[in-house]
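**Q** Here's a structure for you.
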Amino acid sequence: MDDTGTERGASVARVRVERIGAAGGGPRGDVVVVEEPLHVHVEHRGVLSLLGSTMRTPGHDLELAAGLAVGEGVVRSRADLAGVRPCRDGEGPGQGDVAVVVRDAADVDLSRLGRVSTPSSACGLCGRDEIDAVVAAMPVVDRDVVVAPGVLAGLPDAMRERQAIFRRTGGLHAAALATADGRLLAVHEDVGRHNAVDKVVGHALMNDLRGDVLVVSGRAGFEIVQKAAMAGIPVVVAVSAPTSLSVDAARECGLTLVAFVRGGTLNLYSGGERLGPHAAAAERVGG
């Protein structure tokens, strides 16, 4: 009973489903999230190399590719980026692939290419040695911004109001980029939480936007914190829990990490100085 209606590049597909164990059960139509592979390449000085692959929800693929290049340390600023383009049919990458074009003058660390090589909607890190190398490459984010706790508490709800595909399917993560006063600059959805972050980071890079707060709809794992640090975003807000490694990384690179943001309350794990003197003092007391 597949009866799938999926158009190329669509974010959702129509399927047939059998409703069981409830009044009014029986066959009916349903809408599910599309999950398809995307291969991201880097073009530098005329050479095309694979940066990484991911399972993603189609839509904003160019932004995703640009954000992945930032997270992998290939693109460090807007000045490094010459453009992002779909790859073409024929020999080499397929039409669904995307190429991040880096300016010839930029230095590209070829060792970063291909780290995320197996398509997956999960995060791409594995192995302690690899994690240690990624942590060592994370910059310290010393941007002096102050964000009121009340502003942070309201951001997940503001982001949820713009999760149009989630309302239809219930099957997507979301990430948002906001200013210190709570204005949303970008909201993107994806089957992978790190893809959603790449999309908002790429959107900011391509549109010369500078956000202060990264908001994620799920947990704040290590790679979410790593991507925020590489993008120079000083505050990370998560609806769900952090991990021990994400807390350690946030403290190491000077990020403010806030999690369990629900019902007007939040937990502060690092960087309390950006929430004002009272929060910073409480963080010192709590260790």
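The values are calculated or read from the model by the stated rules, or taken from the named source; none is laboratory data. Keep in mind the model is a prediction, meaning the values are calculated, not measured. Reconstructed Cβ throughout: ideal geometry from the backbone, glycine too, with neighbour counts over all protein chains shown.
**Q** Do we find a residue being modelled with pLDDT of 95 or more, under 27 Å from residue 33 (Cβ atoms), buried (at least 21 other Cβ atoms within 10 Å of the Cβ) and among the charged types (D, E, K, R) anywhere in the stretch 62-79?
**A** Within the stretch 62-79, one or more residues are modelled with pLDDT of 95 or more, under 27 Å from residue 33 (Cβ atoms), buried (at least 21 other Cβ atoms within 10 Å of the Cβ) and among the charged types (D, E, K, R).
**Q** Just for the stretch 38-61: of the residues that are touching a residue at least 12 places away in the same chain (Cβ under 8 Å) and not in a strand (DSSP E or B), which one is surrounded by the most Cβ atoms within 10 Å (Cβ to Cβ)? Before you say what the answer is, go through the steps one by one.
**A** To start, the set of residues in the stretch 38-61 that are touching a residue at least 12 places away in the same chain (Cβ under 8 Å) comprises 38-45, 48-61.
In the following step, the residues that additionally are not in a strand (DSSP E or B) were identified as 45, 57-61.
Numbers: 45: 10, 57: 29, 58: 21, 59: 17, 60: 23, 61: 22.
Residue satisfying both the conditions and the ranking: 57.
**Q** Do the conditions hold for residue 220, that is, is it closer than 21 Å to residue 72 by Cα, in the same structural domain as residue 155 (by TED's automatic domain parsing) and either modelled with pLDDT under 95 or not polar (S, T, N, Q) (or both)? Quick ask: steps written out before the conclusion?
**A** Details: closer than 21 Å to residue 72 by Cα: yes; in the same structural domain as residue 155 (by TED's automatic domain parsing): yes; either modelled with pLDDT under 95 or not polar (S, T, N, Q) (or both): yes.
So residue 220 passes the test.
**Q** Return the residues of the stretch 80-97 that are hydrophobic (A, V, I, L, M, F, W, C) and either in the same structural domain as residue 225 (by TED's automatic domain parsing) or modelled with pLDDT of 95 or more (or both); say none if nothing qualifies. Don't jump to the end; show me each part of the working.
**A** Here is the first cut: in the stretch 80-97, the residues hydrophobic (A, V, I, L, M, F, W, C) are 81-82, 84, 87.
Listed by number, the residues that qualify are 81, 82, 84.
**Q** Looking only at the stretch 235-271, count every residue that is surrounded by 24 or more Cβ atoms within 10 Å (Cβ to Cβ) and touching a residue at least 40 places away in the same chain (Cβ under 8 Å) and tell me the total.
**A** Residues flagged as surrounded by 24 or more Cβ atoms within 10 Å (Cβ to Cβ) and touching a residue at least 40 places away in the same chain (Cβ under 8 Å) within the stretch 235-271 amount to 6.
**Q** When you go through 177, 185 one by one, which is the residue that is outside the structural domain of residue 82 (by TED's automatic domain parsing) and crowded, with 22+ Cβ neighbours inside 10 Å? If you could, list the steps in order and put the result at the bottom.
**A** Details: 185 fails: crowded, with 22+ Cβ neighbours inside 10 Å.
One residue alone meets the criteria, 177.
**Q** Does residue 214 fit the bill of being assigned to a strand (DSSP E or B) and in contact (Cβ under 8 Å) with a residue 12 or more places away in the chain? Let's see the steps before the verdict.
**A** Working: assigned to a strand (DSSP E or B): yes; in contact (Cβ under 8 Å) with a residue 12 or more places away in the chain: yes.
Yes: the conditions hold for residue 214.
**Q** If I filter the stretch 200-210 for residues that are part of a loop (DSSP other than H, G, I, E, B), more than 20 Å from residue 54 (Cβ to Cβ) and among the polar types (S, T, N, Q), do I get at least one hit? Reasoning before the result, please.
**A** Going residue by residue through the stretch 200-210, those that are part of a loop (DSSP other than H, G, I, E, B) are 207-210.
Okay, now just the ones that are also more than 20 Å from residue 54 (Cβ to Cβ), so 207-210.
Now narrow it down to the ones that are among the polar types (S, T, N, Q): 207.
Checked against the condition, which is being part of a loop (DSSP other than H, G, I, E, B), more than 20 Å from residue 54 (Cβ to Cβ) and among the polar types (S, T, N, Q), the stretch 200-210 yields at least one hit.
**Q** Follow-up question, since we're still on this one. Picking from 28, 16, which residue would you name as being modelled with pLDDT of 85 or more and part of a strand (DSSP E or B)?
**A** On the way: 28 fails: modelled with pLDDT of 85 or more.
The unique qualifying residue is 16.
**Q** Output yes when any residue across the stretch 191-204 is more than 9 Å from the chain's Cα centre (by Cα) and closer than 15 Å to residue 153 by Cα, and no when none is.
**A** No, because not a single residue in the stretch 191-204 is more than 9 Å from the chain's Cα centre (by Cα) and closer than 15 Å to residue 153 by Cα.
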